[in-house]
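Beneath this line is the structure, given in structure tokens, with notes to follow.
The values are calculated or read from the model by the stated rules, or taken from the named source; none is laboratory data. Since the structure is predicted, the reported quantities are computational estimates derived from the model, not experimental observations. With ideal geometry, Cβ positions are generated from the backbone for all residues, glycine too; neighbour counts draw on all protein chains shown. The protein model used for the area step is the full one, side chains on, heavy atoms only, and it has no ligands, DNA or RNA in it. Shrake-Rupley method; radii C 1.70, N 1.55, O 1.52, S 1.80 Å.
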Amino acid sequence: MDRYVIAFFIFSFLGWVWESIFCTIRQHKWANRGFLYGPVCPIYGFGALFGFIIYDFIKAGYLPQLEWWMIFCLGFLISMILEYSISWSFEKLFHARWWDYSTTPLNIDGRTSVPTSIGFGLAAILIMKVLIPLVDRGIQFISEPFLSILALVLISLVSIDSTLTVSSLTDFQKYVSS
């Protein structure tokens, strides 16, 4: 389980780096992307976690090797489901949108779109064929006790970050003070 926690955080951080660079270039000014205060975009971590689990099933022989087009289709579909459901949830919980594809062709309620999901499908190929095996090999060099401690520290930091973020977005303190 610690492997998955560490992988989740690695890919959440890489997603934050990608989003921040991409949006900074598009906006011509620094864009600190993500829902949380810290340098993580959990949606990328969850997407990669699906990939990591599939990778483990393939490695264990429970699933056959996936062709590049199968990985593309999975990445496309998973990104559509994640983006739509998380966008909808955030809007209901926080009355805000963190992304809006309304002006992008073939969008679904501005929450997800075919062109962006094509990009995520292509990224899934890179992630499954290169990054996940690389991260898996890297994690194998970490001792079990250190891996467990690192997983607990990362979970603690993001739990604190999530609590502070949700508190500030929902005016939680105002309700507690009353």
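Once the whole set of protein chains is in place, how much accessible area is left on H95, using a 1.4 Å probe, in Å² to the nearest 10?
150 Å²
Averaged per residue, what accessible area in Å² does the range 1-112 show with a 1.4 Å probe, protein chains only?
Counting only protein heavy atoms, the per-residue value for the range 1-112 is 61 Å².
Choose one of I21, W98, I6: the residue whose Cα lies farthest towards the positive end of the charge dipole of the chain (beta-carbon charges +1 Lys, Arg; -1 Asp, Glu; about the Cα centre).
The listed residue farthest towards the positive side: I21.
What's the carbon and sulfur percent of the range 60-178's accessible surface, probe 1.4 angstrom, rounded to a whole number?
Its accessible area is 71 percent carbon and sulfur atoms.
Do any GluC sites (Glu not before Pro) in the range 54-138 lie in a loop, going by DSSP, with at most 13 other beta-carbon atoms within 10 Å of their beta carbon, and if so which?
E67
Taking H as built 1.01 Å from N, whose amide H comes closer than 5 Å to the amide H of S113, not counting residues under 5 places away?
Excluding prolines and chain starts, which carry no amide H, the hits are I108.
Please list, in order along the range 17-30, the HN-Hα scalar couplings obtained from phi with the Karplus expression 6.51 cos²θ - 1.76 cosθ + 1.60 (θ = phi - 60°), rounded to whole Hz, x for Gly and Pro.
4, 4, 4, 5, 5, 4, 6, 5, 5, 5, 8, 6, 7, 4
To the nearest 10 Å², what's L157's accessible area with a 1.4 Å probe?
L157 exposes around 100 Å² with every protein chain in place.
I'd like the trypsin sites (Lys or Arg not before Pro) in the range 26-110 restricted to DSSP loop residues with at most 11 other Cβ atoms within 10 Å, sorted by number.
Hits after loop and neighbour filter: K29.
Below 8 Å, C-alpha to C-alpha, sequence gap of six or more: please give me the relative contact order for the chain in percent.
Once divided by the residue count of the chain, the mean separation gives 24 percent.
Mind checking the dipole of the chain: about its Cα centre, +1 per Lys or Arg Cβ, -1 per Asp or Glu Cβ, Debye to the nearest 20?
That gives the chain a dipole magnitude of about 260 debye.
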